[in-house]
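As structure tokens, the structure follows; a few thoughts come after it.
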Amino acid sequence: MRHFPIFLALRDTRVVLSGGGDAALAKLRLLMKTEAELHVFSPLPAPEIEGWAAESRLTLHRRALRDGDLPGAALAYAADEDPERDARTATLARATGVLVNIVDNLDDSAFITPAIVDRDPVTVAIGTEGTAPVLARAIKAHLEEHLPAATGPLARIASGFRKVAEKLPHGRARRDFWRDWFFAAGPRAYAQGDTATEEALNHLLDTHLHRPTRAGFVSFVGSGPGDPDLLTLKARRLLDEADVVLYDRLAPQPILELARREATMIEVGKTGFGPSTPQETINALLVEHAATGAQIVRLKGGDPTLFARLDEEIDTLAAHDIGYEIVPGITAASAAVSAIGQSLTKRGRNASVRLMTAHDTEGFADHDWRTLAAPDQVAAIYMGKRAARFLQGRLLMHGAAPDTPVTLVANASRGDQAVLTSALATLSADLDDCPDGPALILYGLAPRDALPTLQSSGLTAVPSRQQEVS
Ligand code: SAH
């Protein structure tokens, strides 16, 4: 992040702008939304600027900016659209220690003015560090569409009511109240006029004051294979509302960032091999936080019902009478098979598919190898990387064809997704080239030939976007 976003208090503070043309007009239109003391320096100002000066919305100085004009200013704008004059303004500002923005000159500017969605007092600022003004505009248009016009007035009414709302206990109860206000009761009442809105707020507070306090609750949420776009809407909402989030070590950062900033984030490192948090500790954490009435998201990779030790956690909750729900997610097998353009089942080939692990608590897991070794069988093997030699041995021993295709997909759906094409006979040797990260073995499936990026055998990096060719 090259630019750090902040909101500057400008009431009664000098802001200096040099320029009188189009660029100056654009900046001034924004600046006049603030309570700053605006000083514009221009020997030849546009008529609009003269008009604003006449209305006392700014002070117009019909001359060029000089040395003594800058002390005491919070910000300066070099908006003459003339490199020499702008450089002069910038030099004067820097010499006085005033932050300067040079219109259309990102590199020499000390700050930039973001695109703004204005629902005063709610302001959304969008910055792309100058890289993509088109994108900023698109985001702005999107937000404009989705932030109801009532947002500003509702926020203003709420601000006068903050003290009264302190009758509600701090934390969840108060948050629920405000959420109800901004997204349900508030907009409804606002549509009926100002007085209705004030009354509705009092009424809503009353309802919330007499509500029984919420019991602690755990949502087991599948976070999908890694791409945040593959998260369900429900997972997003729950993350946004959670008081506590317990997540595994490999949970992707963009997904964790969907949690509220005030949420308690607890990493319960669990990987097949590396260091891990004992299951009892995780169970104890769930119970401990639920006892405080917390709404907990227990985030699990992929789908929480597959190889995720879900039942142990549910048993603990049931033993303590703690409510829970399960929110499914996209499992690694679905992401991996999509990455190679194949189906897990196919008419005439396989009418069933196995989701299996090569490991259980005792070590390598045993299976009905004979059935799996028959032609045209398909299995998605979780945690299979280290068990590859074992799998290979068992399957060959039970008569599987040595040329049975086997494909390993590492980091499915993530930016570093990689596909390794192999066959049963060469699997364990080929896995020497296996990339880091979680990997799923698709037994009985090869990448679809039509996928040009997958035609060569061996390790092929396949960015997830390229799947669009399939
Ligand atoms: N509940 C998870 C599975 C947890 S077991 C799910 O439904 O996907 C962990 C194993 O899942 C890893 O060892 C790996 O085999 C597989 N896995 C998880 N995420 C993956 C990903 N993005 N790409 C490939 N395999 C993945």
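Within region 382-400, the set of residues being touching a helix residue (DSSP H, G or I) at 6+ places or on another chain (Cβ under 7 Å) and either more than 25 Å from Gly302 (Cβ to Cβ) or not aromatic (Phe, Trp, Tyr) (or both) comprises Gly384, Lys385, Ala388, Arg389, Gln392, Arg394, Leu395, Leu396, His398, Gly399, Ala400.
Listed here are the residues, each with its yes/no results for (1) closer than 17 Å to Ala446 by Cα; (2) open to solvent by 40 Å² or more (accessible area, probe 1.4 Å); (3) assigned by TED's automatic domain parsing to the domain that holds Thr421.
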position	(1), (2), (3)
Ser338	yes, yes, yes
Gln342	yes, yes, yes
Asp376	yes, yes, yes
Ala380	yes, no, yes
Ala387	no, no, yes
Ala401	yes, yes, yes
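Residue check: is Thr151 hydroxyl-bearing (Ser, Thr, Tyr) and open to solvent by 60 Å² or more (accessible area, probe 1.4 Å)? No: the conditions fail for Thr151.
The condition (being exposed (fewer than 13 other Cβ atoms within 10 Å of the Cβ), away from the ligand (no atom under 15 Å from the Cβ), of a type in the set (A, V, I, L, M, F, W, C) and without any contact (Cβ under 8 Å) to a residue 40 or more places away in the chain) is satisfied by just one residue among Ala318, Ala259, Ala263, Ala291: Ala318.
Restricting attention to region 294-309, the residues that are open to solvent by less than 20 Å² (accessible area, probe 1.4 Å), at pLDDT 95 or above and either assigned by TED's automatic domain parsing to the domain that holds Arg354 or among the hydrophobic types (A, V, I, L, M, F, W, C) (or both) total 3. Within region 407-417, does at least one residue satisfy the condition of being more than 10 Å from the ligand (Cβ to nearest atom), touching a residue at least 60 places away in the same chain (Cβ under 8 Å) and under 24 Å from Ser223 (Cα atoms)? So far as region 407-417 goes, yes, one or more of its residues are more than 10 Å from the ligand (Cβ to nearest atom), touching a residue at least 60 places away in the same chain (Cβ under 8 Å) and under 24 Å from Ser223 (Cα atoms).
Sort out which residues of region 400-425 are among the hydroxyl-bearing types (Ser, Thr, Tyr) and under 16 Å from Arg448 (Cα atoms), and write them in order of number.
Hits for region 400-425 are Thr404, Thr407, Thr421, Ser422.
Can you tell me which residue within region 337-386, out of those that are among the acidic types (Asp, Glu), in a loop (DSSP other than H, G, I, E, B) and farther than 17 Å from Val406 by Cα, is nearest to the ligand (Cβ to nearest atom)?
Glu362
Here's a check for you: in region 118-137, which residue that is surrounded by 13 or more Cβ atoms within 10 Å (Cβ to Cβ) and farther than 28 Å from Ala191 by Cα is modelled with the highest pLDDT? Within region 118-137, the match that is modelled with the highest pLDDT is Ile126.
The values are calculated or read from the model by the stated rules, or taken from the named source; none is laboratory data. All values reported here derive from a predicted model rather than from experimental measurement. Here the Cβ is made from the backbone with ideal geometry for all residues, glycine too, and neighbour counts use every protein chain on show. Quick note on the areas: whole protein, heavy atoms, side chains included, nothing else; ligands and nucleic acids left out. Shrake-Rupley method; radii C 1.70, N 1.55, O 1.52, S 1.80 Å.
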